[in-house]
1. In terms of the ratio Rg/(2.2 N^0.38 Å) built on C-alpha atoms, what value belongs to segment 191-277?
2. Quick one: if the Förster radius is 35 Å, what FRET efficiency do S83 and L150 give, using the C-beta to C-beta distance and rounding to 0.05?
3. Under the definition of Cα pairs under 8 Å and six or more residues apart, what whole-number percent is the relative contact order of the chain?
4. Helix 15-26 versus the longest principal axis of the chain: what is the Cα-based angle in degrees, 0 to 90, to the nearest 10?
5. Could you compute the FRET efficiency for K265 and V292, with r as their C-beta to C-beta distance and R0 at 35 Å, rounded to 0.05?
6. P(r) of the chain in 5 Å steps, Cα pairs, percent per bin?
7. Divide by every residue of the chain the summed helix terms, -39500 (n - 2.57) for each DSSP H run of at least 4, and state the resulting mean residue ellipticity at 222 nm, rounded to the nearest 500 deg cm²/dmol.
8. If you consider only alpha-carbon coordinates, what radius of gyration and Dmax does segment 128-246 have, in Å?
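Values quoted throughout were computed directly from the atomic coordinates according to the rules given, and no laboratory measurement underlies them. Here the structure is a predicted model, which is why all the values come from computation and not from measurement. As a convention, Cβ positions derive from the backbone with ideal geometry for all residues, glycine included, and neighbour counts pool all protein chains shown.
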Amino acid sequence: MAREISTVGVVGLGTMGAGIAEVLARSGLDVVAVELDAAGVARGLGHLRHSTARAVAGGKLTDAGQTALLGRIRCGTSLSELSEVDLVIEAIPESLAAKAEVFARLDEITGADVVFASNTSSLSITEIGVHTARPGKVVGMHFFNPAPVLELVEVVRTVVTEPEVVEEVVAFARRLGKAPVVMGDRAGFIANALLFGYLNHAVRMYEQRYATREDLDAAMRYGCGYPMGPLALLDLIGLDTAQEILDTMYHQSRNRLHAPAPLLKQMITAGRLGRKSGRGFYAYESPDSPVVV
Ligand code: 3HC
């Protein structure tokens, strides 16, 4: 019998982790969120306050609702705080060693039937799973940025994930108001495998001065109905994250579509990571502000 999920542990309160914590709390769940240190917690709480204030300003949430939502999220800096959770969603930076260490510690802290979900976008769920004592209870649960807005959750099963665990996670994603899809463990899963060839192609066009950034983006927005053009979307995703995802897919498939455009690397070296660093293909006053230049 599946465990009733009422408290969820979130490890990592960066953009994705904070977004996921918000989605969970919005659905009435209690959340225990763990970051490395007090500065990480403060940054995560900043994301949460900002994002929920936006919902209040848009009339989607009352002041009292915002207070209640934030009140359901307890933050800490030690994984031992997760001893009573019913599910763990990990959203730390993309390092297999770091994720393996987190899950190895959680193996000792959480109940043996607790499912471990990783929000990784570029690492193999199978490799993460084999570093735990419960590979049958390890799945991918890949949210999209911004997590409070986008409905897709990719549920990634490995060859050893128990079928009931996949069913439970799919049902749980639906309970969060999300639209889950299920797939095997291959770099890029479904959405990134299709999306990143297109984004990379746009960088190559821009690099070759084929068109301006504005015209490249306008073509896809106004011609194809995409909510954002490819260069603006890369700024939202983060150029470093995009390069990591492309690299992983390229190493797995050797498909030239996924060989990262040289300009990406140059921009990353120059510190132009996108919205989070204030400048990518465009400039921003803050990660949420509109384009300045
Ligand atoms: N957090 C919370 N809410 C947000 C938000 C955020 N970061 N950004 C936007 N919103 C909300 C706004 O409050 C607004 O809500 P409302 O309708 O209730 O008022 C709604 O989203 C629409 O926002 P805006 O009116 O400001 O702007 P847009 O209509 O242009 O929407 C967008 C912004 C949702 C970001 C939209 O442009 C979009 O969907 N862009 C594409 C994003 C995308 O493709 N993401 C996937 C990236 S790939 C990925 O994440 C995978 C990973 O592995 C890299």
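1. Against the empirical 2.2 N^0.38 Å value, I get 1.02 for segment 191-277.
2. So the FRET efficiency works out to roughly 0.65.
3. RCO, the chain: 12 percent.
4. Its long axis makes an angle of about 50 degrees.
5. E between K265 and V292, to the nearest 0.05, is 0.90.
6. 1, 5, 12, 16, 18, 17, 14, 10, 6, 2, 0, 0
7. Helix contribution divided over all residues of the chain: -14500 deg cm²/dmol.
8. My reading of the Cα-based Rg and Dmax gives 17.1, 52 Å.
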